[in-house]
Amino acid sequence: MHGQWSSRWTFILAATGAAVGLGNIWKFPYLTGQNGGSAFVLVYVVCVAALGIPLMMAEILLGRRGRSTPIRTMQVLAEETRAAQWWQIIGWSGTLAGMLILSYYSVIGGWTLAYIFKSAVGTFSGASGQFAADTFEHFVESPTGLFFWHTLFMILTMGVVAGGVQGGLEKAVQILMPTLFFLLLLMVGYSMTTGFFGKGLAFLFTPDFSKLSGASMLSAMGQAFFSLSLGMGTIMIYGSYVPKDTSIASTSIIIALADTLVALLAGMAIFPIVFANNLEPGSGPGLIFQTLPVAFGNMNGGLAFGSLFFILLLVAAWTSSISLIEPFVTWLIETFGLSRVKAAVYSGVATWLLGLGTVLSFNWGAKVKFFGLTFFELLDYITSNLMLPLGGILIALFAGWLMKVESTKAELRIMNPGAFVAWQVLVRYIAPIAVFIVLLNSLGIL
Ligand code: TRP
């Protein structure tokens, strides 16, 4: 049987758990650094508000209406609305995107695991910025280490996935998410003492439009999709477990606010440390692993806080990783009648194998480039910048044009008629056109 959340609150927690993850704390800061700061942040926030929230509503709505995996949901809804069967592509491409993302997500989740241990044994006591940077470089140079941690992270993910909706997913999120939030606040508190807090804030929030290019706009938009888990069916499948009387609009707004707040806090914690230690904001995927240990190494109780922080980051990554593979796992179960455990093992092994490409892209394979990108960068580009936004456009178009207005109205139950029309305009016109323009612009066509 297809499961159901025990209440609206557990849905919010689970969806926030899926949304808040490495995307907020690891990826948002390093992309912000690589793209010059504030203008990137501004485009990101605008994309969350204007595209992210309406699209999240659309995705929950389709999921609750179809009540199945993204693939099956799109089949059912295409039949119901007499739309062409090729709309199922939304489900297929989303399911694939989830696996592709998880394959590298797991490698970074593995870094988090490794840093729990490094912090706990005091590697970073009194560490300088240079020391933390060197430690990270050294760490990713070894494929065996990364291989080990990637494997361990994948086993953890599959363990929860094998447990099912209520056994596995719900319990994991309840206490740990709020704790992570508090620790982030604490880190921001530390950053205030570095003397570079103002510089960090200015970097994040004083817009400098000269830094904005087509490519950086695309990556801000891609990051909005990535961070909110949109465009691939995660929210659709979580939405399919949502009780009928839950308000989709207010739930989406809460999730988007919480997700954005965590990302901004992470930025506010990290950039002052970057500037205080003369580190490079654009140093890439290692950014948080090169900065936060400096803070832990130099604050009172840093050993405990550092280990705790990476433990909580691990949990945040974990609640996201399970959501990435859930569409594929449930599809295997519902299509082939596999047991949940078998489905989890098969999909885990396949994703793990692909992850080996990412492991190697940080060391032996760092020089192997496709269109100028390493294997990891290529996977990330294809999924975040292409598959998620395109999936998002199709979801918006389907919800806006093909679903009967009575059924979207009935699902959304927005009382204010003006607000419903606003949503319609956003999913019918604004979201598809905006995504399209940003895509063309980054290709240099517009
Ligand atoms: N949003 C998560 C994060 O920020 C990652 C994630 C989970 C995701 N499910 C997703 C990204 C679906 C894209 C699509 O870490």
Checklist entry - Roughly how many debye, to the nearest 20, is the charge dipole of the stretch 288-446 about its Cα centre, given +1 on each Lys and Arg Cβ, -1 on each Asp and Glu Cβ, and no other charges? => result 100
Next on the checklist: Given R₀ = 45 Å, what would the calculated FRET efficiency be for Val421 paired with Phe117, taking r from the Cβ atoms and rounding to 0.05?
Outcome noted: 0.25
Checklist outcome for this item: Highest GNM mean-square fluctuation among Tyr105, Tyr30, Tyr381, for the chain with Cα springs under 10 Å, belongs to Tyr381
Item to check | the stretch 252-319-the stretch 75-136 distance, computed between alpha-carbon centres (Å) | outcome: 16
Next on the checklist: Give the lysines whose C-alpha is closer than 28 Å to that of Lys244, dropping any in the same chain fewer than 8 places away, or say none.
Outcome noted: Lys171, Lys404, Lys409
Next on the checklist: If I model a spin label as a point 7 Å beyond the Cα along the Cα-Cβ vector, how far apart are those points for Arg428 and Phe147 in nm?
Outcome noted: 5.6
Checklist entry - Just the accessible area per residue of the chain, please: how many Å² with a 1.4 Å probe? => result 37
Checklist entry - Once both labels are modelled 7 Å past Cα along the beta-carbon direction, what's the Ile382-Ser407 spacing in nm? => result 3.3
Next on the checklist: Computing the accessible area with a 1.4 Å probe over protein heavy atoms, can you report the carbon and sulfur percentage for the chain?
Outcome noted: 70
Checklist entry - Mind checking which of Pro327, Pro272, Pro178 has the largest fluctuation in a GNM of the chain, springs on alpha carbons under 10 Å? => result Pro178
Checklist entry - When the Cα centres of the stretch 1-53 and the stretch 358-394 are compared, how far apart do they sit, in Å? => result 20
Checklist entry - Among Met192, Met236, Met415, whose mean-square fluctuation peaks in a Gaussian network model of the chain (Cα, cutoff 10 Å)? => result Met415
Checklist entry - Put +1 on the Cβ of every Lys and Arg and -1 on every Asp and Glu Cβ in the chain; which of Thr16, Met217, Phe147 then has its Cα farthest towards the positive end of the dipole? => result Thr16
Item to check | Whole-number Å³ per residue for the convex hull built on Cα positions in the stretch 240-349 | outcome: 168
Checklist entry - What size of dipole, in debye to the nearest 20, comes out for the stretch 353-446 about its Cα centre when the only charges are +1 on Lys and Arg C-beta atoms and -1 on Asp and Glu C-beta atoms? => result 100
Checklist entry - For Met299 and Leu353 in the same chain, what is the full-extension length gain: residue separation times 0.36 nm, less their Cα-Cα distance, in nm? => result 15.5 nm
Item to check | Whole-percent pair-distance distribution, where bins are 10 Å wide, for the alpha carbons of the stretch 1-91 | outcome: 14, 32, 30, 20, 4
Checklist entry - By its C-alpha gyration tensor, with a ≥ b ≥ c as the square roots of the eigenvalues, how is the stretch 119-258 shaped: rounded for a/c under 1.5, else prolate for a/b larger than b/c, else oblate? => result oblate
Checklist outcome for this item: Using a 1.4 Å probe on heavy atoms of the protein chains only, the accessible area for Arg8 in Å², nearest 10, reads 90
Next on the checklist: Ignoring everything except DSSP H segments at least 4 long, calculate the 222 nm mean residue ellipticity for the chain; use -39,500 (n - 2.57) per segment, divide by total residues, nearest 500.
Outcome noted: -22500 deg cm²/dmol
Checklist entry - On average over all directions, what projected area in square nanometres does the chain have, based on the convex hull of its Cα atoms? => result 20.0
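The values are calculated or read from the model by the stated rules, or taken from the named source; none is laboratory data. Treat the numbers as computed from the prediction; the structure is a model and nothing was measured. Heads up, the Cβs are rebuilt from the backbone with ideal geometry, glycines too, and the neighbour counts pull from every protein chain shown. Note: accessible area is taken over every heavy atom of the protein model, side chains too, but ligands, DNA and RNA are not part of it. Shrake-Rupley method; radii C 1.70, N 1.55, O 1.52, S 1.80 Å.
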